Every structure is written in structure tokens, then in C-alpha cells.
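See below for the structure under consideration.
The values are calculated or read from the model by the stated rules, or taken from the named source; none is laboratory data. As the structure is a computational prediction, the values presented were derived from the model and not from experiment. So basically every Cβ, Gly included, is an ideal-geometry build from the backbone, and we count neighbours across all protein chains shown.
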Number of protein chains: 2
Amino acid sequence: MAPNPHLDEFERIARFFAPLAAPGGLRLLDDVGLIPGEAGEQYVLKTDAIVEGVHYRPDDPPGQVAQKLLRVNLSDLAAKGATPVGYLLVTCLPPACGEAWLEQFAKGLAADQKRFGIELYGGDSNATPGPATLSVAMFGKVKRGKAVLRSGAKPGDLVYVSGTLGDAALGLAVLKGELAGLDPAGRDFLIRRYRLPEPRLELGRALVGLAHAAADISDGLVADLGHVCTASKLGATIEAKKLPLSKPARAAVQAEPERIFAALGAGDDYELVFAAPAQAGKRLASLSKKLKLPLTPVGRFEKGAGVRVLDAEGRPATVPQTGYRHF
Amino acid sequence: MAPNPHLDEFERIARFFAPLAAPGGLRLLDDVGLIPGEAGEQYVLKTDAIVEGVHYRPDDPPGQVAQKLLRVNLSDLAAKGATPVGYLLVTCLPPACGEAWLEQFAKGLAADQKRFGIELYGGDSNATPGPATLSVAMFGKVKRGKAVLRSGAKPGDLVYVSGTLGDAALGLAVLKGELAGLDPAGRDFLIRRYRLPEPRLELGRALVGLAHAAADISDGLVADLGHVCTASKLGATIEAKKLPLSKPARAAVQAEPERIFAALGAGDDYELVFAAPAQAGKRLASLSKKLKLPLTPVGRFEKGAGVRVLDAEGRPATVPQTGYRHF
């Protein structure tokens with residue numbers, strides 16, 4: 001077969017890398033791998049890189065870059081219900097990232113190590129003529145067989161999301177000089193959501209045995225829910241009017257209605273999307289209260305394939321960008 | 001303390017990253033981390049990245065780039081006596097690395113997966129505006145407490161090296177149009193040694209219980225032996241005349257005597273340097289015969305610090321470059 005120059009990121013993975021996966025690599029459908037740990041445990045393995053100018057802005061504070069790097073990995077562990085243990089770190093740094101940059105970067109790592117109870121297990125330190133490229137391999141623990149995979153959703157399960165959606169994409173828009181009409185506090189809130197995601201570790205652990213499937217939202221709700229659908233061999237329908245929005249995001253959507261797509265199609269929120277049966281509603285409501293974190297049903301899994309979005313009037317909507325895709 | 005703009009790679013690691021290390025991170029003195037595995041086992045964790053234009057040449061065949069990426073990581077596992085299990089992969093690729101490149105790259109991964117008994121457990125696939133940056137986190141197994149660390153050398157132990165040294169650096173010189181006087185077969189041998197290192201996994205496993213300390217030679221003999229010395233709180237003296245050279249390397253040194261520094265100060269050979277007591281000589285000789293791999297004593301560990309090199313006349317020599325250093 002002649003190489004197709006237009007394979008996107010997920011097609012590339014499916015075609016070139018999935019055939020290389022171990023059984024514990026879950027056909028690369030789950031963004032994590034599983035290996036046996038100590039008695040009764042498994043390790044959940046995850047690797048994610050961030051590239052200057054692609055995943056973060058060159059002028060982002062180095063400490064927050066470090067935290068973002070750890071948190072995008074922690075977020076995947078959260079989605080599986082794992083307790084993080086530690087990480088390996090690769091830094092490929094251009095001359096512009098000198099010791100002052102590195103000192104702040106290391107302080108960010110130290111702060112999040114303390115906060116999330118993780119430590120560094122090794123690394124590799126390189127110079128690069130290109131943009132800073134930072135890669136982490138994170139590992140955590142779950143009870144054997146208890147990881148919440150993408151593949152367990154059942155027809156009729158509700159599609160839940162945690163927190164609020166679209167904030168990170170709107171924060172990036174603010175950093176680009178857009179959304180000038182928002183108040184300063186709202187703008188700061190959105191920027192912070194872009195720069196410093198909050199891995200939902202406590203939620204993820206509480207979802208073990210409660211959710212049938214889960215993923216973190218790093219590529220956008222439609223894309224990541226799509227991954228859950230693919231792994232679960234199901235489809236899903238979500239209703240745009242049910243999407244949980246923060247107050248600043250709601251203001252942004254009121255001013256510019258197409259900004260709703262930030263909540264549907266843009267990544268970087270690092271909230272969780274999960275499948276839970278309707279009868280879990282009460283337990284989820286009390287969990288939401290305990291964690292002070294909205295847990296919102298936004299749709300339903302169903303037989304079929306793919307994600308359908310209904311707009312405020314209940315009509316099928318087209319989402320212009322379903323998640324950030326490399327290539 | 002004011003940031004020092006001239007910290008080298010190892011000083012950067014010691015200053016900024018070592019304070020972040022877990023006990024299982026071995027103070028970052030060992031290039032690997034250890035975590036508990038199944039009953040009686042530990043996992044050895046290692047991460048290493050390669051950057052286009054830094055660690056390999058843009059025109060290197062993509063399949064060999066993939067193999068080099070895996071092998072530089074496997075080499076560290078070999079040095080610890082571990083049996084490799086699997087890996088996580090991060091690819092950050094520029095537009096120039098399209099599907100044709102990726103297809104060859106994946107074929108290289110597949111070939112080495114089969115050869116070394118490893119599988120893929122997950123990954124991350126990114127686009128980058130910079131040079132291709134490829135990162136692997138590799139894990140393998142050892143019996144608990146049996147990993148051969150850098151920290152176990154004892155005064156009086158002999159410094160052994162496996163295989164031949166300097167070939168990779170000379171291969172790179174050939175690729176740069178140097179060493180034109182060598183015969184074609186010799187040039188091909190050296191290029192192959194540069195492009196396709198041979199992780200000494202079988203040797204490493206056989207050294208468990210036999211060697212007191214070991215490291216792979218990725219930064220050059222003097223640098224990597226120096227790491228063993230630092231971790232073991234010892235010094236070492238090596239004799240240049242004892243260095244094992246391949247036939248083409250010997251020819252290169254005869255033509256240009258300063259090429260001997262390729263065997264002392266250049267990296268990329270991915271042979272092992274290890275500490276063994278004199279009484280292990282017989283067992284090492286029979287191991288060498290069994291593996292068809294030279295195991296050569298080139299010096300001795302001693303009280304003190306740092307690595308001394310004696311030239312052919314027994315005079316202290318200065319090695320111009322002690323290993324590749326980023327920054």
C-alpha cells in the first residue's frame with residue numbers, strides 16, 4: 001500500500017504503532033499501558049511530551065511549564081483511577097533555556113512532586129537546536145484489574161464530564177489578545193486553566209468500581225469521548241446545552257456564540273469524561289459534593305459508532321475542530 | 001547562589017534534578033531507576049532521547065534510527081544485568097518525516113522488538129517545528145537487589161571493558177568524509193558501529209554476581225568510568241595501550257595517532273565498562289569465549305577520585321574530550 005501523506009495523528013498510531021503493542025499496551029487504544037506490580041497491584045504507565053510553541057508558549061513561566069508537563073501525565077493516571085508514584089524526565093533544551101530557566105523549571109517540578117506525592121526516578125538531559133521538548137514517563141499504581149479503561153462503556157451509560165469545559169482554549173485565546181471584553185478576573189481564571197491543568201486524581205480513584213470507562217480530556221471532549229467510543233465499540237450523543245461552563249466561559253460564549261466549540265472541540269482542559277450507569281447518579285452527586293467538583297451528565301452512550309452533538313435546539317451540530325491533531 | 005551560565009550537563013543534573021530524586025532514583029548517579037516488581041523482582045527504568053542532528057544524522061536510514069533509539073536504552077538495561085520487557089515511545093516529528101519515513105521507522109522498531117523480546121506499552125505522537133526528537137522509556141526486570149549498580153566498585157578491582165572502543169566515533173568521522181585512507185570494508189564496519197550499537201544484554205546478565213559495578217559507555221570511556229568512580233567514591237587509572245581496538249580502528253590510529261582519543265573520550269560505543277575483582281579473571285575469560293566478545297582489563301580502581309589515563313609510555317595523558325556533553 002502506498003504511503004498516504006494525509007494520515008492524521010490517530011491514523012498514524014493505528015497504522016504504524018498499534019501493531020507493535022504488547023497486550024499490556026491495550027492496542028494503544030487507552031493512552032496508558034499496564035504491567036504487573038507488587039502483589040495485588042499493577043503499574044499504569046503513561047508518557048506525554050510537550051513542545052515549546054506547540055503545547056505551551058515560549059513566554060510561559062518555566063515553573064508552570066514544569067507543572068503542566070507533570071500534570072498532563074498525571075491526568076491520564078487520574079482517568080485510570082491510579083495513584084501516581086513517580087516519573088522519568090527527558091529535557092531537550094535550546095540555548096535560550098539557561099540555568100535561570102532551569103532553576104525555575106526545577107522549582108515547578110519540586111512543588112508538584114510535593115503536591116502529588118511523586119518523585120523523580122531518572123532522566124536524560126540534552127541540548128537541542130530546536131524548540132524545548134520535554135517528555136515525561138509517569139507511572140502509578142492501581143489494584144490489579146481495577147484500572148478504569150476506555151473500553152468498558154455500555155449502551156445506555158450516561159456520558160459524564162468533570163469540572164467545566166473550554167476554559168483552557170479560551171485562556172489561550174486570551175493570551176493571544178482575544179476576548180478583550182471579559183473582566184480581568186475572568187481572563188486570569190481562563191489563563192490559569194490553560195497554563196495549569198488540575199489532574200482529577202481524587203475523582204479518578206473514586207470512580208474505580210463506579211465508572212465503566214474513562215478518559216481525560218486532552219484532545220477535546222468530542223475527540224476523547226470518541227476514543228472511549230472506539231475502545232468500547234459504541235457511539236454517543238451529547239447535548240451542547242448541557243455542557244458545564246465556568247462563569248468566564250459562559251460570558252465568552254454569550255459575547256461570541258461560536259466559542260461554545262472551545263468546550264466541545266478544543267483540548268487542554270484535562271477534565272475527565274466517563275461512562276456511568278444511570279443508577280450511579282446518587283453516588284456521583286454525593287461524590288461531586290464531597291470533591292466540590294461538578295460532575296455533569298452531558299449525553300448517553302448508544303449502539304453504533306462516533307460522537308453526535310446536538311445543539312441547543314436539539315439539531316445535529318458539526319464541531320469544526322474535534323481536538324488538536326498533530327499532522 | 002547566582003545561576004552559573006556555564007554548568008555542564010552533569011553539573012546541571014546534580015544541581016537541579018538530583019534533589020528531586022526518589023530513593024529508587026539512586027540520586028541520579030546511575031542513569032536508571034528501580035521500582036518493586038512482581039514477587040522477587042524489580043523493574044529497572046531508563047529513559048533516553050535522540051535528537052536529529054545531535055545524536056543521529058538526518059540522512060541516517062529511519063529504520064536504523066529506530067533501532068538506535070531502542071538500543072541506547074537497552075544498553076543501559078544491559079549494564080544493570082536486566083532483561084528488557086517493553087517501552088513507551090514519544091515521537092516529535094517535523095513535516096519532513098512523513099508516512100514513508102514513519103513506515104521505515106516502525107519497521108526498525110518491529111525488527112528490534114522481535115530481536116530483543118520487547119513490546120510497545122504506549123506512546124505519544126507529536127508534530128514539531130524543530131528537528132525530530134525521539135524519546136523512549138524502557139523497562140526491564142532483575143531479581144530484587146541484584147542489579148549491577150555504578151556504586152559497587154572496590155579498590156583493587158580491575159576496570160574491564162567489553163568489545164572494542166572508538167569504533168562509533170570513527171564511524172561518524174567516516175560519514176563526515178574523514179579517514180579516507182581506510183579500506184571500504186573497514187569504513188563500513190565503523191559506520192555500522194556508529195549507526196547500530198549492540199546492547200550487551202547477555203553479557204550484562206552474566207555479570208550479575210560477578211561484577212561489582214557497571215555502566216554502559218555512551219559518553220565515552222573516561223566519562224562513564226568517571227561516573228562509576230563518582231558513584232563508588234573511588235578513582236581509577238587506565239592504560240591507553242590496553243584499550244581494545246577493532247582492526248579498522250587500529251588502522252585509523254596508525255594513520256592518525258590522535259584518533260586513539262576516539263576510544264577514550266568519544267561516546268556511542270555502547271560497550272560496557274565494569275569493575276571485577278582480579279580473581280574473577282578466569283570466569284570472565286570463559287565468559288568472553290562463550291559470548292565471542294572481548295572482555296579486556298584496561299586498568300584498576302583505587303582510592304581517590306577521578307580517572308587517570310596513562311599513555312603508551314606510562315605517562316599521564318590528557319584526554320581532550322571526556323565524552324559528549326550537552327551544554
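Determine, yes or no, whether residue B:77 is more than 7 Å from chain A (Cβ to nearest Cβ), of a type outside the set (Lys, Arg) and not in a strand (DSSP E or B).
Yes.
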(message) For the structure I just gave you, tell me whether residue A:88 is within 7 Å of another protein chain (Cβ to nearest Cβ) and farther than 22 Å from residue A:151 by Cα.
(response) yes
(request) Pairs only if they're at least six apart or on different chains, beta carbon under 9 angstrom, first in the range B:259-272 and surrounded by fewer than 24 Cβ atoms within 10 Å (Cβ to Cβ) and of a type in the set (Phe, Trp, Tyr), second part of a helix (DSSP H, G or I) and modelled with pLDDT of 90 or more; list them, first residue then second. (result) B:261/B:169
(request) Report the residue count in the range A:35-57 for those that are under 13 Å from residue B:38 (Cα atoms), more than 8 Å from every other protein chain (Cβ to nearest Cβ) and among the aliphatic types (A, V, I, L, M). (result) 0
(message) Residues that are under 20 Å from the mean Cα position of the chain (by Cα), surrounded by fewer than 18 Cβ atoms within 10 Å (Cβ to Cβ) and farther than 24 Å from residue A:153 by Cα: does the range A:289-305 have at least one?
(response) yes
(message) Against the definition (facing another protein chain (nearest Cβ under 7 Å), small (Gly, Ala, Ser), without any contact (Cβ under 8 Å) to a residue 60 or more places away in the chain and not in a helix (DSSP H, G or I)), how does residue B:25 come out, yes or no?
(response) no
(request) Specify which of the listed residues (B:66, B:18) is more than 15 Å from the chain's Cα centre (by Cα) and modelled with pLDDT under 90. (result) B:18
(request) Output the residues belonging to the range B:91-107 that are more than 9 Å from chain A (Cβ to nearest Cβ) and either touching a residue at least 60 places away in the same chain (Cβ under 8 Å) or surrounded by 21 or more Cβ atoms within 10 Å (Cβ to Cβ) (or both). (result) B:97
(request) Tell me which residues, restricted to the range B:58-97, are in contact with a Phe, Trp or Tyr (Cβ under 9 Å, 6 or more places away or on another chain) and of a type in the set (Lys, Arg). (result) B:68, B:71
(request) Only residues that are among the hydrophobic types (A, V, I, L, M, F, W, C) and surrounded by fewer than 22 Cβ atoms within 10 Å (Cβ to Cβ): list them for the range A:117-134, please. (result) A:127
(message) Return the residues of the range A:168-212 that are surrounded by fewer than 19 Cβ atoms within 10 Å (Cβ to Cβ) and on the phi > 0 side of the Ramachandran plot; say none if nothing qualifies.
(response) A:177, A:209
(message) Take the residues in the range B:127-169 that are in contact with a Leu (Cβ under 7 Å, 6 or more places away or on another chain) and facing chain A (nearest Cβ under 7 Å); name whichever of them is nearest to residue B:42 (Cα to Cα).
(response) B:137
